Each structure stands twice: as C-alpha cells, then as structure tokens.
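Peer 1: Sharing a structure, written as structure tokens. Questions coming.
The values are calculated or read from the model by the stated rules, or taken from the named source; none is laboratory data. None of the values given here were measured: they were computed from a predicted structure. With ideal geometry, Cβ positions are generated from the backbone for all residues, glycine too; neighbour counts draw on all protein chains shown.
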Amino acid sequence: MVVGEKGLGKSTLINTLFNRELYPLDEKPKASFPDPEQPVKVSIETVSADIEENNVKLGLTVIDCPGFGEDIDNTDSWKPIVDEINQRFDMYLDAEIKINRSTIVDNRVHACLYFIEPTGHSLKPLDIQFMKEVHEKVNLIPVIAKSDTLTENEIAEFKLRILDDIKNQGIHIFTPPDYINDDDETKEAAHEIISKAPFAIVGSTNQTQTQDGRVVRGRAYPWGVIEVDNEEHCDFIKLRQLVIRNFLEELKENTSNVLYENYRTQKLIKMGIKQDDTVFREFDPVLKQEEERQLHEAKLAAMETQMRSIFQASVAKEEKKLQATETDLFQKHKDMRDKLLKQIKLLEDKKAELEAARPMTHEKSTHQTSQPTKTRKGFLR
Ligand SMILES: Nc1nc2c(ncn2[C@@H]2O[C@H](COP(=O)(O)OP(=O)(O)OP(=O)(O)O)[C@@H](O)[C@H]2O)c(=O)[nH]1
Ligand SMILES: [Mg+2]
C-alpha cells in the first residue's frame, strides 16, 4: 500500500520498483485546488503485476490511495484507508472460519509505504495522525519522498527529527526480526537496511546519461544526475531490499502472527467469542518445547506402567503354572506311593499265604536247601 499527499511521487516509485509504467504518468501534473463546496474523497485503487527478483516471479498488488490529505479538512483522511485494511482482515477472517481453509487467498496488506513530504523540518500533524491510526494494523515503512530536493545534510537531520517524532509519539515502524542464528554477514546486512529508515528515496524510470557516460535510471539536474540505483545517492536500493528481496517473508509473517492476530482477537472479543489460547501456543517456541517435553514424559510414564503390569501378569501366570505342576507332582507322587504300598500289601499277603503253607514243605526242604527262602525274603524287602 502506498499512502501520501498528492504529487509526492507514489506512482513514480511504484513504476520504479516494477521498472515499468504501471501507472501512466502525466509529465506535467495538473494543478488542482480543493473546492470547499466539494470535499475530496480518498479512493482506493488496486493494481496487480509481476515483479522479477533473483529470477523468481512475484505477484504483487499495489493499493494506491489517491485523495489522501487533499481536502481542506483532512481530519478523517485516514479513515477510508483504515477501513480498507480492516476489510481485508475481515475477508481473511471469514475465509478462515469457513471449513475449507486450503483455498484462502491472502489479500491482507503486508506493507504500507508512507510518503513524507521533503520539508526538512519534522513530521506534520497529518503524518503523525495517519501513522498512529495504522501502525498497529500494518507494517509501516516511512519514506522521505523526492529526497533529491534535499541536500545530504538536510536528509540526515530530517531523518533524525522524523525518528524522534516517531519515538515520542509511540509509533511502531516495521523492523525485521533479529535472528539469533543468522550469521554475522546477514545480521550486518539487516542492520544496514534498518539503519536507513526513514528511507530517502528518488523515483524515476527515465534513462539518463551521467557525466562519465553511463546510462542510468535517474533525474538530471544542471549540476549532475541523481541516480536511483546508486546507494551513494539515495536509499531506493535499501528500500527495495527491505520490501522485496530480504524481508518479504518477514513482512508477511508479522502481518499474520502479530497484526492480524491482534485484530482477530479484538474482533472476536467484540463479537463475544472467547478465544481458545491453546490454539496460539505454537507461536511461542519455548512454551511449545516445554509442552512437548511434558507430553513425551507422560508418554514414557504410561509406557512404563503398562510394561510393569504386563510383567506382573506374566509372573503371576508362571507362578500359577508352577503351583499347578507342584500339585500335580505331589498327586502323582502320592498315587505312586499308594500303588507301591498296595503292591507291598499284596506281596505281604502272598508271603503270609506262602508261609502258612510252609510247615509241610519246610521239613522237606530244610535238609535240601534253606537258601531260597532267605533270598526271597531279601528280595521282598
Ligand atoms: N524531484 C523528484 N520528482 C519526482 C520524484 N518522484 C516523482 N516526481 C515527480 O513528481 C510528480 C508527481 O509524481 P507522481 O508519481 O504522479 O506522484 P503521486 O504521489 O502518484 O501523485 P498523485 O497520484 O497525484 O497523488 C511527477 O512530475 C514526477 O515526475 C522524485 O523522486 N523526485
Ligand atoms: Mg499517483
């Protein structure tokens, strides 16, 4: 989204970013004076186009807000823009509530370039009011428009005053996250980009020849050429890096995880729906890790209890089996003993029977042999 007062070079910057005439530009902008009878309304205009970065095609949609700050009374100039941002959040929320979430089209505003007039003084009340109205809904990126109209020193001082105002007013401007795991080179590059805010930009799609014969995109002055793609001349390259090359994903993530979540929570509270915070825990990696650890420990404890009860059950089963075998053996032993006793009894009876019949045969056999009786006796024992 690009917002700023009339003629600050919004369309030119977008053309410069896409490197083509997305917005046909009148060479001489028509002078117009606000008519107190006919208030100027802010309108919302969108245009989509592809941009190529590192051989990757990106589809970007630009939202222009012509009419901003053009009225005699601009008190509510911010309102249609905030409405537009909210409406896009609402569309996303509606789609999210529907069952089929896989087809959600993300039309939320992921960055708002706010054009500050190159006065060299400080922010105007309109600038402060607008930024305060949107800074919690959108990634705000302030830029100093037409910075070629200021000297290097004027830009440096103007930047400091703007940053002071922003700080004093409690306005949040987008700063990419500082990743702990990034290498020093990446961190350094990120710091260099951030250090340029608010970005002093120059827009132009015109090819101009420099004094040393190079053909560049720039603005020609009698004293020389201001080059768009030269970091010594302006912050266009750094702005492009921030928005497209380096931090496109971070802009989208911040919109999703912070700005949209705030909006959603507020909206649901207003609708009387209480939010289930557990759904959002995944955004806190420390909390999530702790939760996962506890879950893992609970799982281990459950497994241990289960294994212990399985072990106890199998021990009890074995014990029962052993007991059964013992009883069985005892029974068998008893049976055998009974059988043997019975046999002994039978033999004893037979012996007694034989002995009863002996007197007759005894005399007969005494002189023959006494040995067999003895032997038989010993055998029975
Ligand atoms: N000096 C200078 N002039 C610029 C720059 N960018 C744009 N212009 C000129 O400023 C005039 C307005 O530029 P636009 O891009 O139409 O500005 P805008 O903000 O889109 O204006 P509206 O759409 O009318 O609100 C044109 O004549 C541009 O050539 C810049 O960086 N430096
Ligand atoms: Mg324009």
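Peer 1: Answer with yes or no whether Ala190 is out of contact with any Gly (no Cβ under 8 Å at 6 or more places or on another chain), aliphatic (A, V, I, L, M) and either within 22 Å of Asn153 (Cβ to Cβ) or not in a strand (DSSP E or B) (or both).
Peer 2: It is true that Ala190 is out of contact with any Gly (no Cβ under 8 Å at 6 or more places or on another chain), aliphatic (A, V, I, L, M) and either within 22 Å of Asn153 (Cβ to Cβ) or not in a strand (DSSP E or B) (or both).
Peer 1: For the structure I just gave you, tell me whether Asp178 is in a loop (DSSP other than H, G, I, E, B) and more than 21 Å from Thr75 (Cα to Cα).
Peer 2: yes
Peer 1: Checking Thr149 against (1) within 16 Å of ligand 1 (Cβ to nearest atom); (2) touching a residue at least 40 places away in the same chain (Cβ under 8 Å); (3) of a type outside the set (Phe, Trp, Tyr): exactly one of these is not met. Which one?
Peer 2: So the condition that Thr149 fails would be (2).
Peer 1: Any residue at all in the range 203-224 that is in a loop (DSSP other than H, G, I, E, B), within 25 Å of His121 (Cα to Cα) and β-branched (Val, Ile, Thr)?
Peer 2: no
Peer 1: While we're looking at this one, here's another question. I'd like to know if the range 92-106 contains one or more residues that are without any contact (Cβ under 8 Å) to a residue 40 or more places away in the chain and surrounded by 15 or more Cβ atoms within 10 Å (Cβ to Cβ).
Peer 2: So far as the range 92-106 goes, yes, one or more of its residues are without any contact (Cβ under 8 Å) to a residue 40 or more places away in the chain and surrounded by 15 or more Cβ atoms within 10 Å (Cβ to Cβ).
Peer 1: Taking Gln169, is it away from ligand 2 (no atom under 16 Å from the Cβ) and over 27 Å from Asp229 (Cα atoms)?
Peer 2: Criteria met by Gln169.
Peer 1: Do we have Ile173 as of a type in the set (A, V, I, L, M, F, W, C) and under 38 Å from the mean Cα position of the chain (by Cα) here? Can you show your working first?
Peer 2: On the way: of a type in the set (A, V, I, L, M, F, W, C): yes; under 38 Å from the mean Cα position of the chain (by Cα): yes.
Yes.
Peer 1: Where residues in the range 48-85 are among the charged types (D, E, K, R) and surrounded by 15 or more Cβ atoms within 10 Å (Cβ to Cβ), which of them is farthest from ligand 1 (Cβ to nearest atom)? Spell out the reasoning first.
Peer 2: Applying the first criterion (among the charged types (D, E, K, R)) to the range 48-85 yields 50, 52-53, 57, 64, 70-71, 73, 76, 79, 83-84.
Remaining after also requiring surrounded by 15 or more Cβ atoms within 10 Å (Cβ to Cβ): 64, 70-71, 84.
Numbers: Asp64: 7, Glu70: 8, Asp71: 13, Glu84: 16 Å.
The residue in question is Glu84.
Peer 1: Given Leu8, Leu13, Leu22, which one is assigned to a loop (DSSP other than H, G, I, E, B), within 14 Å of ligand 2 (Cβ to nearest atom), out of contact with any Pro (no Cβ under 8 Å at 6 or more places or on another chain) and modelled with pLDDT of 90 or more?
Peer 2: Values: Leu13 fails: assigned to a loop (DSSP other than H, G, I, E, B); Leu22 fails: modelled with pLDDT of 90 or more.
Checking each option against the conditions leaves just Leu8.
Peer 1: Answer yes or no: is there a residue in the range 203-224 that is closer than 21 Å to Gly7 by Cα, without any contact (Cβ under 8 Å) to a residue 24 or more places away in the chain, assigned by TED's automatic domain parsing to the domain that holds Met91 and of a type in the set (A, V, I, L, M).
Peer 2: Yes, the conditions are met somewhere in the range 203-224.
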